[in-house]
Amino acid sequence: MIKSKGYAAAAAKAPLAPYSFERRDPREHDVAIDIKFCGICHSDIHQARDEWGGSIFPMVPGHEIAGVVTAVGSKVTKFKKGDKVGVGCMVDSCRTCAPCQQGLEQYCTVGSIWTYNSRDKDGTPTMGGYSDNLVADENYVLRMPDNLPLDACAPLLCAGITLYSPLKHWQVGPGKNVAIVGLGGLGHMGVKIAHALGAEVTVLSHSLRKQEDSRRLGADHFHATSDPATFKKLRGSFDLIINTVSLPMDWNQFIALTNVNGSFVVVGIPDKPVAIAAFSLIAGRHSLAGSSIGGIRETQEMLDFCAQHGITSDIEVTPIQKVNEAFERMIKSDVRYRFVIDMASLK
């Protein structure tokens with residue numbers, strides 16, 4: 001077994017604290033990774049505080065993992081020692097169901113094995129990237145861009161693919177009018193990627209506080225949703241709206257902003273059900289949909305796209321000793337736009 005150390009939540013709502021544990025020895029198709037950086041995703045907070053239910057404790061969060069290969073199994077063909085690699089939200093799936101066969105492992109009908117707060121095929125709880133090392137099957141490991149800083153690329157492994165996947169699925173490109181609801185860790189990646197795809201990009205945010213930032217990131221327009229006039233002025237304007245916000249809000253208002261055949265896609269996850277009026281959908285043949293990260297093939301495609309276009313996340317690097325402070329600041333939207341833990345601080 002490989003000795004590991006990191007930070008874990010011992011119980012729901014408990015502060016994260018130093019924690020030592022063991023990982024499996026690399027199997028023949030495994031890659032051992034020295035974790036250099038790990039992004040902090042809002043879902044880490046939800047799961048560490050058991051806000052979605054079913055959390056497994058003790059829990060080492062983290063699924064935006066970037067590091068360097070330290071060893072490979074005897075049958076590994078995709079990576080070698082010294083390669084810059086990443087691991088995102090999942091570390092395995094059944095590999096045989098229809099979604100897995102289509103490269104959509106995130107929708108595995110048997111159940112994806114998530115990077116943390118999940119159980120491996122042998123029943124062992126998975127432990128995430130708020131730690132110094134990781135062992136993962138090579139088929140669920142990504143090659144990181146050589147031309148971009150590793151710390152700023154870590155959030156691409158969740159925030160980046162969470163926005164890239166729906167933008168590609170709904171065929172965003174030149175001539176498409178796209179709105180991103182919320183300009184946070186997810187939303188700012190949506191603006192960058194949609195802009196690089198050639199779409200006309202609008203940010204819909206509660207206030208005007210981030211208007212200047214949105215332009216720097218690539219948005220063409222910015223509107224405050226706290227102004228009731230926004231919903232009248234923009235009615236029927238967008239081919240696609242991606243909602244990154246997990247706070248309670250009236251989705252019906254936003255669906256009305258899509259044009260005929262337009263789609264409102266949910267990637268932010270509220271902790272309570274949202275009421276939808278049937279007329280909101282019927283009125284313009286609008287679609288309400290959801291999207292969850294991307295498969296391994298699409299995630300690698302996203303990383304290559306970001307390398308080509310020079311896209312990284314806007315980050316604030318923090319030592320792991322300040323992870324609880326980072327959680328509280330994230331809840332208050334006090335970060336522009338993603339915290340990334342420097343794992344050198346563990347030493």
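Computed from the coordinates by the stated procedures, all read-outs in this text should not be read as laboratory data. What you see is a predicted model, and the numbers here were worked out from it, not measured in a lab. All Cβ positions, even for glycine, are placed from backbone atoms using ideal geometry, and neighbour counts span all protein chains on display.
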Reachable lysines from Lys121, criterion Cα separation under 22 angstrom, eight or more residues apart if same chain: Lys3, Lys75
Percent relative contact order of the chain, based on C-alpha pairs within less than 8 angstrom and at least six residues apart? 17 percent
Computed from the mean reciprocal separation of all distinct C-alpha pairs, what Kirkwood hydrodynamic radius does the chain have, in Å? 20.5 Å
Semi-axes in Å, largest first, for segment 1-146 (Cα gyration tensor, √(5λ)) are 23, 19, 14
Helix-derived mean residue ellipticity, 222 nm - over the chain, DSSP H n ≥ 4, -39500 (n - 2.57), to 500: -6000 deg cm²/dmol
What size of dipole, in debye to the nearest 20, comes out for segment 160-290 about its Cα centre when the only charges are +1 on Lys and Arg C-beta atoms and -1 on Asp and Glu C-beta atoms? 80 debye
Separation of segment 127-173 and segment 234-283 by C-alpha centroid, Å? 27 Å
Could you list which residues have their amide H under 5 Å from that of Glu316, counting only those 5 or more apart in sequence or on another chain, with H placed in the peptide plane? Tyr337, Arg338, Phe339, Val340
Under a Cβ-only charge scheme (Lys and Arg +1, Asp and Glu -1), can you give me the dipole magnitude of the chain about the Cα centre, in debye to the nearest 20? 260 debye
Any idea what the relative contact order of segment 160-290 is, in percent, if you count C-alpha pairs under 8 Å spaced at least 6 apart? 21 percent
For the chain, share of DSSP beta bridges that run antiparallel, in % to the nearest 5: 55 percent
Within 10 Å of each residue's Cβ, count the other Cβ atoms and sort Cys100, Cys306 from fewest upward. Cys100, Cys306
Of Ile65, His46, His221, whose Cα points farthest to the positive end of the dipole of the chain (charges on the beta-carbon: +1 Lys, Arg; -1 Asp, Glu; origin at the Cα centre)? His221
Starting from 0.36 nm per residue, how many nanometres of slack lie between Asn261 and Ser207 once their C-alpha separation is accounted for? 16.6 nm
Compute the semi-axes of the equivalent ellipsoid of segment 160-290, taking the square root of 5 times each eigenvalue of the Cα gyration tensor, and list them largest first in whole Å. 20, 16, 15
